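Structure, as structure tokens:
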Number of protein chains: 2
Amino acid sequence: MGSEVYGVIMAGGAGTRFWPLSRERLPKQLLRLSGERTLLEETILRLRNLIPMERLFIVTTPSCARAMMIHAPLVREHLRGNLILEPCGRNTAPALGLSAIHLKQKDPGAIMIALPSDHMIRGSDHFFRALEVGREKAEEGYLVTIGIRPTRPETGYGYIKVKGGISPERGVIPYRVERFVEKPSLRRAKRFLSQGNYLWNSGIFIWKIPVFLKELERYMPDLYRALTRIEEALKEGDLPTIERLYREIEPISVDYGVMERSRKVMVVPGFFQWNDVGSWKALEEIMEKDGMGNVVRGNVIAMDTKNSIIFGGERLLATIGIEDMVVVDTEDATLICPKDRAQDVRKVVEELNRMGSEHSIIHWKMERPWGSSTLLMKEEGLLLRRITIKAGSSLKPKEEGMEGDFILLRGRVRISKGGNVCEKVSDGGLLSLGDIDEIENPMGRPVHLLEVLSNSKVLEEAKIH
Amino acid sequence: MGSEVYGVIMAGGAGTRFWPLSRERLPKQLLRLSGERTLLEETILRLRNLIPMERLFIVTTPSCARAMMIHAPLVREHLRGNLILEPCGRNTAPALGLSAIHLKQKDPGAIMIALPSDHMIRGSDHFFRALEVGREKAEEGYLVTIGIRPTRPETGYGYIKVKGGISPERGVIPYRVERFVEKPSLRRAKRFLSQGNYLWNSGIFIWKIPVFLKELERYMPDLYRALTRIEEALKEGDLPTIERLYREIEPISVDYGVMERSRKVMVVPGFFQWNDVGSWKALEEIMEKDGMGNVVRGNVIAMDTKNSIIFGGERLLATIGIEDMVVVDTEDATLICPKDRAQDVRKVVEELNRMGSEHSIIHWKMERPWGSSTLLMKEEGLLLRRITIKAGSSLKPKEEGMEGDFILLRGRVRISKGGNVCEKVSDGGLLSLGDIDEIENPMGRPVHLLEVLSNSKVLEEAKIH
């Protein structure tokens with residue numbers, strides 16, 4: 001029996017690299033790229049097989065946390081009390097330091113597995129095996145990181161050089177680290193691949209909390225001091241002081257601040273399939289392609305189109321004779337660029353922010369587990385949304401940040417209002433329902449409503465949709 | 001004093017080449033590509049300086065005529081009685097033959113100027129000069145066509161070879177035609193340009209009606225016979241017979257059927273700027289470019305984008321690092337292709353028709369002189385449109401094919417209903433107005449309404465929007 005293991009999922013990302021699908025209010029970890037679940041929820045479900053839910057924590061910012069309540073039902077239902085809130089984003093060293101002092105209060109000798117919320121992992125057995133070996137080594141007092149066996153000369157990832165060299169026949173065993181390497185040129189990446197003693201830096205860490213804090217004290221004394229003061233303020237529940245102290249912290253990654261300097265670092269090679277889903281181009285690696293090498297989703301006609309990523313929705317997207325392109329279409333914005341320019345989408349987001357445009361912050365249309373919400377109009381104190389509730393689903397408007405009155409367009413709904421439940425039917429006229437606690441669609445097909453929010457009710461928080 | 005001159009504008013085009021901006025219900029001649037007016041209205045206004053409105057006719061199909069009533073106010077207000085209806089499209093020889101027998105009933109010796117409705121012409125003085133010289137020659141019994149002095153080795157146009165050669169210093173004089181040439185290869189087009197005795201075939205014709213009918217009788221005897229029988233049926237008002245006869249006619253162009261064979265043909269060189277606006281690529285010639293060689297319209301962010309045509313609307317269109325591309329974005333569909341594939345857009349339209357998709361027929365959003373109409377929903381017997389009326393504008397719903405009830409979202413309107421006029425105000429609630437004869441926006445800013453059409457009212461004709 002060793003120390004208890006806690007999971008800390010880092011979910012503070014801003015989500016600029018998947019614009020226009022991701023927005024400030026819908027960062028990458030909350031996208032459903034490959035299925036029904038968000039990347040964050042997939043991360044939680046993966047870990048749940050190893051760590052019970054009550055010992056899973058999410059470190060994130062308040063605005064990200066609000067978005068999770070809407071887009072990640074798994075978090076809303078099971079992890080609402082397990083959020084560690086950073087007052088603002090300060091990169092991974094402060095986020096993990098803050099997480100460590102939170103967990104220390106529960107279990108001072110705990111082992112912490114820290115991992116990103118927005119990566120794709122396939123091959124759970126290999127993943128668990130690597131974490132298990134890492135846990136054993138952490139128990140011995142090491143800072144353990146998981147390195148991924150590279151399968152191609154990738155220039156978009158950082159690398160870890162292993163001391164001595166890796167012997168795959170010896171299986172999953174820990175290695176000493178010689179050094180961390182920043183994203184290399186293609187030439188260097190090819191050399192790394194052929195030398196065989198380099199691993200991809202996955203950003204997954206395992207350590208005992210007292211060991212991690214000790215190393216923070218040695219290599220990042222300013223951060224350690226701030227964390228000590230935050231720990232005291234935490235005990236007193238002094239939120240303004242925590243916020244002030246945290247804002248003053250310098251943003252530094254835990255790789256740069258601790259892992260590259262500490263002499264207690266070991267790496268465990270992971271033999272699972274891993275992708276950091278760093279840009280639209282990454283979908284080529286993780287999604288299925290058609291016969292022409294295209295990744296296609298949504299309402300698309302792709303003629304003579306090759307090796308492209310065509311990501312559409314309800315609207316029609318028609319491409320003719322294009323190659324190696326990324327086309328992403330949403331209700332309110334469309335992106336078109338060559339695949340090798342996909343990382344520059346953040347420049348568009350910067351430009352939108354500079355212009356004060358909402359296109360970087362919110363979506364017009366939001367898919368939800370219960371259906372969808374589409375912004376039809378927002379101007380001069382009037383906001384109009386079309387709400388579609390799937391057959392058999394129900395919606396609690398307040399939980400979704402919906403503040404308006406509802407109008408039934410057509411169909412039958414069951415509504416709850418101040419404890420009373422009743423059925424309402426409309427045959428195509430507009431039936432006003434007022435504001436409601438819950439709306440249920442008992443029918444076998446979708447039901448459509450309008451949400452109308454007028455005058456002073458059109459508040460800033462309505463932007464969350 | 002010679003014969004009276006009548007104008008016949010050919011406006012039966014199907015509008016596949018400007019998809020997704022053009023649709024079956026909004027063909028190219030009804031697009032506002034370069035300004036406030038549709039191409040058809042620009043053609044009318046250009047001719048009006050030469051021919052009084054009462055002698056201007058439009059030959060078109062019933063479905064095109066319906067679309068004109070909505071999109072071309074100039075036609076609705078002034079030329080409603082001057083439409084010559086082809087029961088179906090049968091190319092230019094039958095359309096002009098039908099026009100000739102219509103005009104013959106008004107004025108048997110009339111001169112007819114026939115011209116396409118969807119071309120761009122700049123330099124009216126030169127245009128009028130060419131028509132005037134053509135008219136003089138038509139008076140003498142010739143079939144006159146206007147040829148355009150080529151300015152580049154265009155491979156997208158047909159050419160006319162002039163007998164002997166053209167002397168620009170002799171000005172606008174008629175020439176004998178040696179032969180008509182189909183769209184040439186680039187090599188041949190370059191030779192035509194350097195030889196100097198080739199003109200672009202503009203599709204503009206001038207002739208006396210009896211001369212034209214005589215040549216039809218000689219070179220297209222089947223068509224002539226059908227027209228003679230249609231003429232008799234016209235006198236008796238026997239529409240079913242006209243329809244049956246017209247449907248049986250073989251579709252042939254007047255160039256191929258008459259002009260290339262007749263020995264009475266002359267060509268007048270036009271020195272005006274002309275473009276047949278044959279595909280999205282043509283916009284490069286007729287619209288202004290930015291410093292990077294792009295034609296840009298609408299809500300667009302174009303980063304490192306060169307020599308492209310980026311045609312957007314209200315939605316945001318972001319391009320990064322693209323070159324020589326066409327991107328056209330509408331409310332419900334987006335097209336992306338290299339410029340040199342722009343003509344293949346018709347293949348997309350064919351595919352949509354094959355699939356039974358409405359994306360080739362109607363638009364979700366329609367711009368109108370008085371504002372705009374956007375389809376929000378159409379399913380299960382319910383149609384919902386958002387109607388925006390510009391400041392100071394008014395709308396007669398019935399004229400626009402709007403059959404629904406209206407709801408005022410916000411603002412003040414003046415409505416007429418069965419002869420009564422009253423003002424209605426809404427501060428953001430939904431104020432039901434019912435069905436209305438006319439709605440006026442007396443305010444200084446746009447006013448928004450919803451149109452709701454339910455159950456049996458959702459008729460096929462509602463598709464026209």
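Look at residue B:221 and say whether it is within 27 Å of residue B:130 (Cα to Cα) and either modelled with pLDDT of 95 or more or buried (at least 21 other Cβ atoms within 10 Å of the Cβ) (or both). Break it down stepwise before answering.
Values: within 27 Å of residue B:130 (Cα to Cα): no; either modelled with pLDDT of 95 or more or buried (at least 21 other Cβ atoms within 10 Å of the Cβ) (or both): yes.
Criteria not met by residue B:221.
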Problem set entry | Selected residue (criterion: farthest from residue A:218 (Cα to Cα)) from residues of the range A:244-295 that are in a loop (DSSP other than H, G, I, E, B) and β-branched (Val, Ile, Thr) | A:277
Exercise. Among the listed residues B:61, B:43, which satisfies the condition of being more than 14 Å from chain A (Cβ to nearest Cβ), touching an Asp or Glu at 6+ places or on another chain (Cβ under 6 Å) and hydroxyl-bearing (Ser, Thr, Tyr)?
Worked result: B:61
Exercise. Looking at residue B:33, is it touching a residue at least 40 places away in the same chain (Cβ under 8 Å) and crowded, with 20+ Cβ neighbours inside 10 Å?
Worked result: yes
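A quick yes/no check of all residues on (1) of a type in the set (Val, Ile, Thr); (2) under 30 Å from residue B:166 (Cα atoms):
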residue	(1), (2)
B:266	no, yes
B:286	yes, yes
B:291	no, no
B:299	no, no
B:303	no, no
B:333	no, no
B:343	no, no
B:350	no, no
B:359	no, no
Exercise. Considering the range A:326-376 alone, what residues qualify as being under 18 Å from residue A:397 (Cβ atoms) and hydrophobic (A, V, I, L, M, F, W, C)?
Worked result: A:362, A:366, A:370, A:375, A:376
Exercise. Going through the range B:450-465 one residue at a time, which ones are within 11 Å of chain A (Cβ to nearest Cβ) and at pLDDT 55 or above?
Worked result: B:450, B:452, B:453, B:454, B:455
Exercise. Just a yes or no: is a residue in the range A:135-146 of a type in the set (D, E, K, R) and modelled with pLDDT under 95?
Worked result: no
Problem set entry | Residues being touching a residue at least 24 places away in the same chain (Cβ under 8 Å) and within 11 Å of another protein chain (Cβ to nearest Cβ) - total across the range B:353-374 | 5
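Any residue in the range B:272-287 that is β-branched (Val, Ile, Thr) and modelled with pLDDT under 95?
The answer is yes, given that some residue of the range B:272-287 is β-branched (Val, Ile, Thr) and modelled with pLDDT under 95.
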Seminar exercise, completed: When restricted to B:415, B:407, B:436, the only residue within 28 Å of residue A:406 (Cα to Cα), of a type in the set (Val, Ile, Thr) and out of contact with any Leu (no Cβ under 8 Å at 6 or more places or on another chain) is B:436
Problem set entry | Total residues in the range A:147-161, condition modelled with pLDDT under 95 and buried (at least 20 other Cβ atoms within 10 Å of the Cβ) | 2
Seminar exercise, completed: Only one of B:405, B:437 is more than 13 Å from chain A (Cβ to nearest Cβ), modelled with pLDDT of 80 or more and closer than 26 Å to residue B:69 by Cβ, namely B:437
Exercise. Of the residues that make up the range B:64-81, is at least one assigned to a strand (DSSP E or B) and either in contact with a Pro (Cβ under 9 Å, 6 or more places away or on another chain) or modelled with pLDDT of 95 or more (or both)?
Worked result: no
Exercise. Take the residues of the range B:324-350 that are at the interface with chain A (Cβ under 9 Å from one of its Cβ atoms) and free of Cβ contacts under 8 Å to residues at least 24 places away in the same chain: which is surrounded by the most Cβ atoms within 10 Å (Cβ to Cβ)?
Worked result: B:336
Exercise. Does residue A:3 satisfy the condition of being of a type outside the set (Asp, Glu) and surrounded by 22 or more Cβ atoms within 10 Å (Cβ to Cβ)?
Worked result: no
Seminar exercise, completed: All conditions in (1) surrounded by fewer than 21 Cβ atoms within 10 Å (Cβ to Cβ); (2) in contact with a Ser or Thr (Cβ under 6 Å, 6 or more places away or on another chain) are true of residue B:51 except (2)
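Given the criterion over 25 Å from the mean Cα position of the chain (by Cα) and either under 28 Å from residue A:374 (Cβ atoms) or among the acidic types (Asp, Glu) (or both), identify the matching residue among B:375, B:335, B:383.
B:383
When you look at residue B:388, is it among the hydroxyl-bearing types (Ser, Thr, Tyr) and in contact with a His (Cβ under 7 Å, 6 or more places away or on another chain), yes or no?
Yes: the conditions hold for residue B:388.
Every residue, every condition in (1) of a type in the set (Val, Ile, Thr); (2) under 10 Å from the mean Cα position of the chain (by Cα); (3) within 23 Å of residue B:373 (Cβ to Cβ), yes or no:
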residue	(1), (2), (3)
B:15	no, yes, yes
B:20	no, no, yes
B:40	no, yes, yes
B:55	no, no, no
For this session: Among the candidates B:307, B:275, B:294, single out the residue that is more than 7 Å from every other protein chain (Cβ to nearest Cβ) and on the phi > 0 side of the Ramachandran plot.
Result: B:307
For this session: For the range B:83-95, name all the residues that are surrounded by 20 or more Cβ atoms within 10 Å (Cβ to Cβ) and among the polar types (S, T, N, Q).
Result: B:92
Seminar exercise, completed: When the range B:204-215 is checked residue by residue, the ones that are over 13 Å from residue B:104 (Cα atoms) and crowded, with 23+ Cβ neighbours inside 10 Å are B:204, B:205, B:206
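Do the conditions hold for residue B:377, that is, is it under 28 Å from residue A:411 (Cβ atoms), buried (at least 16 other Cβ atoms within 10 Å of the Cβ), without any contact (Cβ under 8 Å) to a residue 60 or more places away in the chain and out of contact with any helix residue (DSSP H, G or I) (no Cβ under 7 Å at 6 or more places or on another chain)?
Spelling it out, residue B:377 is indeed under 28 Å from residue A:411 (Cβ atoms), buried (at least 16 other Cβ atoms within 10 Å of the Cβ), without any contact (Cβ under 8 Å) to a residue 60 or more places away in the chain and out of contact with any helix residue (DSSP H, G or I) (no Cβ under 7 Å at 6 or more places or on another chain).
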For this session: Within the range B:408-434, count every residue that is within 11 Å of another protein chain (Cβ to nearest Cβ) and outside any strand (DSSP E or B).
Result: 4
Seminar exercise, completed: Per the filter on the range B:310-322, residues facing chain A (nearest Cβ under 9 Å) and touching a Lys or Arg at 6+ places or on another chain (Cβ under 6 Å) are B:320, B:321
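The values are calculated or read from the model by the stated rules, or taken from the named source; none is laboratory data. These numbers were taken from a predicted model, which means no experiment stands behind them. Neighbour counts are summed over all protein chains in view; Cβ atoms, including those assigned to glycine, are modelled from backbone coordinates with ideal geometry.
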